[in-house]
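This report refers to the structure that appears directly beneath it.
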Amino acid sequence: RDRSVSRGLGDVYKRQELAEENAKMVLDKDRERIKREEGRTIGAVHEVEEWLGLSGIRRMEAYDISNISGFESVGSMVVYEKGKPKRSDYRKFKIKWVQGPNDYASMEEVLTRRFTHEGKDEFDSFSIMPDLILMDGGRGQVNIALQVLDELHLNIAVCGMVKDDHHRTRGLYYNNIEIPIDRDSEAFRLITRIQDEAHRFAIEYLSLIHISEPTRH
């Protein structure tokens, strides 16, 4: 009887040890997952800060313009906070003031409408200013953004996301300099995701307008 009790206690201890080992494995995996996620998000933002010589970047807004057959243009605004998309703050703009395909004039309209919009309350996404504006393009788009901000007396860092001839992210245009970026870095992958997301959101909206207004061809 004593042996059976000892065996029973031994089995209990073994099961307890196994349970503790399994719990430790799960915790280790969770830590690794969290560490990887932080590298993809907050860590990537810190890398961008280093490239640009900035600090305290929490909210980034990226803008893109898309048009179809010259008859309709739209703008997109996507928002990333701490390196993660904040889709509830995304906004789309149907171009109203510009006739025909003119990306610079359309971007000027989008940014003017965005930054002159007074939020309905403190929780409205337009009432929150970004720490960094990311433009889909280089010198031209950046200068348009800086012009709008200057006219509105706003001091916000503006950076261009420059693509190469194969439409892949190549560098960042900031303070009149194109900064090459490490293609193996998490920051490069973050910038690419943001640029692709701004483009996707604009195209998605353009497609919806195209479907709902087929007679405008």
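The values are calculated or read from the model by the stated rules, or taken from the named source; none is laboratory data. Since this is a predicted model, take the numbers as computed values, not measurements. With ideal geometry, Cβ positions are generated from the backbone for all residues, glycine too; neighbour counts draw on all protein chains shown. Side chains included, ligands, DNA and RNA excluded: accessible areas come from the protein's heavy atoms. Shrake-Rupley method; radii C 1.70, N 1.55, O 1.52, S 1.80 Å.
Tabulated results
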| item | result |
| --- | --- |
| Condition broken by MET135, with the remaining ones in (1) in a strand (DSSP E or B); (2) at pLDDT below 95; (3) among the aliphatic types (A, V, I, L, M) satisfied | (2) |
| Residue within region 127-134 that is under 23 Å from LYS84 (Cβ atoms), surrounded by fewer than 17 Cβ atoms within 10 Å (Cβ to Cβ), of a type outside the set (Gly, Ala, Ser) and in contact with a Gly (Cβ under 7 Å, 6 or more places away or on another chain) present | no |
| When residues of region 53-73 are limited to those that are hydrophobic (A, V, I, L, M, F, W, C) and under 15 Å from GLN141 (Cβ atoms), the one most open to solvent (accessible area, probe 1.4 Å) | ILE65 |
| Residue within region 83-91 that is in contact with a helix residue (DSSP H, G or I) (Cβ under 6 Å, 6 or more places away or on another chain), touching a residue at least 40 places away in the same chain (Cβ under 8 Å) and over 15 Å from GLU197 (Cβ atoms) present | no |
| Filtered residues of region 72-108 (kept if part of a strand (DSSP E or B) and more than 15 Å from ALA62 (Cβ to Cβ)) | GLU72, SER73, LYS94 |
| Residue check, SER76 polar (S, T, N, Q), open to solvent by 60 Å² or more (accessible area, probe 1.4 Å) and touching a residue at least 24 places away in the same chain (Cβ under 8 Å) | no |
| Checking ARG114 against (1) outside any loop (DSSP other than H, G, I, E, B); (2) buried (at least 17 other Cβ atoms within 10 Å of the Cβ); (3) in contact (Cβ under 8 Å) with a residue 60 or more places away in the chain; (4) not acidic (Asp, Glu), the condition it does not meet | (3) |
| Residue list for region 65-97, filter: of a type in the set (Val, Ile, Thr) and modelled with pLDDT under 90 | ILE68 |
| Residue count, region 158-170 (criterion: in a strand (DSSP E or B) and either farther than 13 Å from MET135 by Cβ or open to solvent by 20 Å² or more (accessible area, probe 1.4 Å) (or both)) | 2 |
| Index of the failed condition, ARG193 passing every other in (1) assigned to a helix (DSSP H, G or I); (2) over 22 Å from SER88 (Cβ atoms); (3) out of contact with any Ser or Thr (no Cβ under 9 Å at 6 or more places or on another chain); (4) open to solvent by 20 Å² or more (accessible area, probe 1.4 Å) | (2) |
